[in-house]
Each structure stands twice: as C-alpha cells, then as structure tokens.
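Structure first, commentary second.
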C-alpha cells in the first residue's frame with residue numbers, strides 16, 4: 001500500500017470514527033434535551049395562541065424555530081463527517097488507478113485530508129454553531145400560574 005493510499009484510508013477511518021463518536025455523544029447527552037425544548041416551545045406557542053396571547057406565542061415559536069434549526073445542523077454535521085470519510089476511503093481504494101505521479105498522488109491525498117479536516121473544524125457547522133450568540137435562546141420560563149405559557153391567568157388544559 002503506497003503512502004497516498006494510506007493517508008486517504010486511515011484519514012477516512014479516523015474521520016469516520018470521530019463522526020460516529022460525535023453522533024453517539026450527541027444522541028446520549030444532548031438530543032433528548034433539545035427535543036424536549038422543542039416540544040415545550042411548541043406547546044407554549046399553541047397554548048398562548050389559543051388564549052390570544054400573540055406576542056408570547058410568537059416568542060415561543062421563535063424559540064422553537066431556533067432550536068429546530070440548530071438541531072438539524074447538529075444532526076447534519078456528524079453525517080457530513082461520516083460521508084466525507086466514506087468518500088476518502090473509496091478514493092483511497094481506487095487511488096492506485098489514477099494516472100498521477102507518486103508525488104502528486106501524495107500531495108492530492110494530503111490536500112483531500114486537509115480539506116476534510118477543515119470542514120470538520122471550520123466549514124462543517126461546528127465552530128460557527130458554537131460561536132453564535134443567539135443559539136442559547138430559551139423559551140419563556142414558567143412563573144406562578146400556568147407551567148406552559150407563564151401567565152397567571154392561563155388555564156392549562158387537563
């Protein structure tokens with residue numbers, strides 16, 4: 001196995017392992033809280049809308065939309081990493097058939113690996129997602145009264 005092939009195959013395996021570990025972490029530690037927050041935001045929005053509290057309903061819908069947007073990005077990011085890893089492994093398996101010189105093959109393999117790692121770090125939704133200030137917007141917290149829309153005059157459904 002030549003060096004370019006090793007770079008692609010082992011780089012792809014490492015990227016796939018990282019993507020799977022991130023997916024496992026997200027599924028175990030983060031996803032349930034995110035889905036719970038989405039459900040609470042929707043319930044709050046519908047209860048407030050039924051009681052004609054339109055500003056509170058809009059605020060809860062905005063919280064739902066932001067949470068849903070971030071949820072989709074988090075699910076996408078680990079699948080993109082695994083997809084890039086599979087592409088690198090397939091390219092590594094077929095890289096001997098490319099009509100490049102050995103040195104150009106090695107540079108191409110390193111460039112592909114660097115592109116995947118840069119997607120992992122910067123372009124792959126990770127850094128900009130965590131750097132966003134508005135990704136931690138929380139739906140209205142309940143006060144005395146209704147636990148769904150935080151209004152004292154609200155009558156929750158039984």
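For residue 96 and residue 62, FRET efficiency with R0 = 41 Å and r from the beta-carbon atoms, rounded to 0.05? The partial results should precede the final answer.
Numbers: r = 53 Å, r/R0 = 1.30.
For R0 = 41 Å, the calculated efficiency reads 0.15.
Would you mind giving the average projected area, over all directions, of the Cα convex hull of the stretch 1-127 in nm² with one decimal? Before the final figure, lay out the partial values.
Values: hull surface 36.4 nm².
Taking the Cα atoms of the stretch 1-127, their convex hull projects to 9.1 nm² on average.
On a full-extension model of 0.36 nm per residue, what is the gain between residue 34 and residue 73, subtracting their alpha-carbon distance, rounded to one decimal in nm?
Values: separation 39, 0.36 × 39 = 14.04 nm, distance 1.22 nm.
So the extension gain works out to 12.8 nm.
Every read-out reported here was derived from the displayed coordinates using simple, explicitly stated rules and does not represent laboratory data. Just so it is clear, the model here is predicted, and its values are computed rather than measured. A quick note on method: Cβ atoms are made from the backbone with ideal geometry, for glycine too, and the neighbour counts reach across all protein chains shown.
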